[in-house]
Structure formats: structure tokens, C-alpha cells
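The values are calculated or read from the model by the stated rules, or taken from the named source; none is laboratory data. Quantities reported herein were computed from a predicted structural model and do not represent experimental measurements. Note: ideal-geometry Cβ built from the backbone for every residue, glycine included; neighbour counts use all protein chains shown. Quick note on the areas: whole protein, heavy atoms, side chains included, nothing else; ligands and nucleic acids left out. Shrake-Rupley method; radii C 1.70, N 1.55, O 1.52, S 1.80 Å.
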Amino acid sequence: MTVPQIVEDLSELVEEQLRSAAERCAAPLYRLVAFEMGWQDETGEPVYLSNRPRTSAAFCLLACQAVAGTNQGALPGAAAVEFISSFVQVHGDVQAGTPNRGGRPTVWWQWGPAQAINAGDAIHALARLS
């Protein structure tokens with residue numbers, strides 16, 4: 001099995017954990033979080049960005065499996081790591097003035113810096129709750 005295939009398989013494993021945690025967000029904020037996580041487009045329509053692997057979460061799961069022999073107990077931690085990665089991206093995009101990432105507009109470019117900061121902070125809170 002190749003590294004990209006392992007990352008893809010582990011990304012699918014953590015995806016449900018991420019979506020479940022994100023449901024804690026209130027409706028207006030959820031839309032921005034879902035956009036950042038790659039689950040919705042800018043109009044709120046569902047999408048799946050297959051070119052966006054959950055690399056941070058996958059490496060967390062791989063490390064846990066290497067140490068403990070299993071990764072099942074590490075899913076909440078892997079979700080937290082992935083949320084922190086997204087939090088850093090959102091705030092980094094605002095600071096750098098990055099209009100696009102991965103072929104899509106960034107949260108701040110689409111909704112403005114104030115809403116992007118709110119979305120980034122919500123993602124940070126989801127990481128802590130995970």
C-alpha cells in the first residue's frame with residue numbers, strides 16, 4: 001500500500017469524527033466551518049473535496065498505531081489535530097491576505113476577515129472539544 005493510499009484511508013476514517021464534532025456549531029457559523037473543512041461550497045451546497053486529504057489527522061493516527069498497535073482510540077485526537085490545522089490555515093489566510101487556496105476562495109475572501117476570525121475561533125473551539 002502506498003503512502004497516499006494510507007493517508008486517504010485514514011482520512012476517511014476521521015471524516016465522520018470531524019463532521020460529528022462540527023455539528024456543535026450554530027447554523028450561521030457552521031456554514032463557514034463546513035466551507036473551510038471542504039464539505040460545502042460558497043453557496044452552502046454539499047461538496048466533497050477528494051483532493052483535500054486529512055494529512056494531519058492521518059499522521060496522528062499512524063503515530064498512535066505505531067506506538068499502541070491500534071488507532072481507534074486516537075480518533076478524537078486526530079480530529080483535534082485536523083481542526084487545529086484548519087484553524088491555523090484560516091487565521092494564516094487572513095494575516096497573509098491569501099485570496100485562494102486549493103482552487104477555492106478562502107473564508108476571509110468570501111465572507112470578510114471578521115467572519116473568518118469567528119470561523120477560525122470556532123474551529124479552534126471544536127479542536128479543544130474533540
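Brief remarks follow.
- For the chain, the relative contact order is 27 percent, taking Cα pairs closer than 8 Å that sit 6 or more residues apart in sequence and dividing their mean separation by the residue count.
- Solvent exposure of region 47-97 amounts to 51 Å² per residue of accessible area, where only protein heavy atoms count and the probe is 1.4 Å.
- Surrounding net charge for Trp39, when Lys and Arg each add one and Asp and Glu each subtract one, Cβ distance under 14 Å: -4
- With Cα atoms, 0 to 90° folded angle of helix 55-68 axis to the chain main axis: 20 degrees
- Low-density loop positions, chymotrypsin sites (Phe, Trp or Tyr not before Pro), region 40-130 - DSSP coil, at most 12 other Cβ in 10 Å: Tyr48
- Rounded percent of accessible protein surface that carbon and sulfur make up, the chain, 1.4 Å probe: 56 percent
- The C-alpha atoms of the chain define a longest principal axis, and helix 3-22 lies at about 60 degrees to it.
- Across region 98-103, coupling constants 3J(HN,Hα) worked out from phi with the 6.51/-1.76/1.60 Karplus curve, θ = phi - 60°, read 6, x, 9, 8, x, x Hz, and Gly and Pro carry x.
- Here the spin labels are modelled as points 7 Å beyond Cα on the Cα-Cβ line, and at Thr2 and Asp41 they lie 2.8 nm apart.
- Net charge of neighbours whose Cβ lies under 15 Å from the Cβ of Val94, counting Lys and Arg as +1 and Asp and Glu as -1: -2
- Computed from Cα positions, the angle between helix 113-129 and the longest principal axis of the chain comes to roughly 30 degrees.
- Relative packing of peptides 14-24, 113-123 - highest average C-beta neighbours within 10 Å first: 113-123, 14-24
- Square roots of 5 times each gyration tensor eigenvalue, C-alpha, the chain, largest first, Å: 26, 15, 13
- For region 1-52, the alpha carbon positions stretch 41, 20, 12 Å along the principal axes, listed from largest to smallest.
- Coarse-grained scattering of region 91-130 at q = 0.23, 0.31 Å⁻¹, given as base-10 log I(q)/I(0) from a Debye sum over alpha-carbon atoms: -0.70, -0.97
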